[in-house]
1. Evaluate the following for residue 195: is it within 21 Å of residue 156 (Cβ to Cβ), out of contact with any helix residue (DSSP H, G or I) (no Cβ under 6 Å at 6 or more places or on another chain), in contact (Cβ under 8 Å) with a residue 24 or more places away in the chain and part of a helix (DSSP H, G or I)?
2. Return yes or no: is residue 56 over 27 Å from residue 173 (Cα atoms) and either part of a strand (DSSP E or B) or touching a helix residue (DSSP H, G or I) at 6+ places or on another chain (Cβ under 7 Å) (or both)?
3. Of 193, 221, which residue is over 16 Å from the mean Cα position of the chain (by Cα) and over 16 Å from residue 145 (Cα atoms)?
4. Residue under question is residue 197, and the condition is that it be in contact with a strand residue (DSSP E or B) (Cβ under 8 Å, 6 or more places away or on another chain) and either under 17 Å from residue 14 (Cβ atoms) or surrounded by 12 or more Cβ atoms within 10 Å (Cβ to Cβ) (or both); does it hold?
5. Please go through the range 156-190 and pick out each residue that is assigned to a helix (DSSP H, G or I) and in contact with a helix residue (DSSP H, G or I) (Cβ under 7 Å, 6 or more places away or on another chain).
6. So in the range 21-40, with the set limited to residues that are out of contact with any helix residue (DSSP H, G or I) (no Cβ under 6 Å at 6 or more places or on another chain) and not in a loop (DSSP other than H, G, I, E, B), which one is nearest to residue 81 (Cα to Cα)?
7. Please specify each residue of the range 1-25 satisfying the condition of being surrounded by fewer than 23 Cβ atoms within 10 Å (Cβ to Cβ) and farther than 23 Å from residue 98 by Cβ.
8. Those residues that are surrounded by fewer than 22 Cβ atoms within 10 Å (Cβ to Cβ), at pLDDT 95 or above and touching a helix residue (DSSP H, G or I) at 6+ places or on another chain (Cβ under 8 Å), I need them from the range 139-149; list them, please.
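The values are calculated or read from the model by the stated rules, or taken from the named source; none is laboratory data. Model, not experiment: these values are computed from the prediction. With ideal geometry, Cβ positions are generated from the backbone for all residues, glycine too; neighbour counts draw on all protein chains shown.
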């Protein structure tokens, strides 16, 4: 993880933000100058200072980031939709220039950058570009966050295939909200099969930790313990 990671998911809601925040908190605890970025966010909340990405806010707290939230997440839209749809419904043209300006400032200020994408790899961010297309331009290896339940083998394999088709390095896969005490055969067998099918390492089975607190930026200790082992494998 010399320069950082681009974190994507097999779908929206798989827990990219939790995993990204946990990696950031782990690196920061180890004395690494880590920066975080959620370049494009939808489903933002409206506050007195304007639209705020709660995902970016959580990342900033976990990383103890000094930058303002509008730099960590420079493109923000209100409706929880794909960026192209949210922008069209808001009557705005989605310009990527603010994102690249923020990226260049952040990467100069930090030794390691964690960039969290939106939705899945083929989520459209402009009429002609997807998350995977943007990931190419960040020049970072990609960590894929997957869910543990039935169907995850297909979704994860397709995500990895899309990323590799664009020449991206897949650093590994994190299976999030994994239950070690389950008797669900699909969940118990999926990680090994994902690794076999994709050839990418499953770096961690991240537990669903109820002590994670989004409002205060606190990542649960069980998640941190798992992600610490992941981080060691990524270095």
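1. Details: within 21 Å of residue 156 (Cβ to Cβ): yes; out of contact with any helix residue (DSSP H, G or I) (no Cβ under 6 Å at 6 or more places or on another chain): yes; in contact (Cβ under 8 Å) with a residue 24 or more places away in the chain: no; part of a helix (DSSP H, G or I): yes.
So residue 195 does not fit the description; no.
2. Values: over 27 Å from residue 173 (Cα atoms): no; either part of a strand (DSSP E or B) or touching a helix residue (DSSP H, G or I) at 6+ places or on another chain (Cβ under 7 Å) (or both): yes.
No; evaluated as a whole, the condition is false for this residue.
3. On the way: 193 fails: over 16 Å from residue 145 (Cα atoms).
After applying the criteria, what remains is 221.
4. Details: in contact with a strand residue (DSSP E or B) (Cβ under 8 Å, 6 or more places away or on another chain): no; either under 17 Å from residue 14 (Cβ atoms) or surrounded by 12 or more Cβ atoms within 10 Å (Cβ to Cβ) (or both): yes.
In short, no.
5. So the first thing to find is which residues in the range 156-190 are assigned to a helix (DSSP H, G or I), and the list is 156-165, 185-190.
156, 157, 160, 162, 163, 190, listed by residue number.
6. So the first thing to find is which residues in the range 21-40 are out of contact with any helix residue (DSSP H, G or I) (no Cβ under 6 Å at 6 or more places or on another chain), and the list is 27, 29-33.
Still in the list and also not in a loop (DSSP other than H, G, I, E, B): 27, 29.
Details: 27: 31, 29: 34 Å.
Restricting to residues being out of contact with any helix residue (DSSP H, G or I) (no Cβ under 6 Å at 6 or more places or on another chain) and not in a loop (DSSP other than H, G, I, E, B), the top hit is 27.
7. 1, 2, 11, 13, 15 - these are the residues of the range 1-25 that are surrounded by fewer than 23 Cβ atoms within 10 Å (Cβ to Cβ) and farther than 23 Å from residue 98 by Cβ.
8. 147, the sole residue that qualifies.
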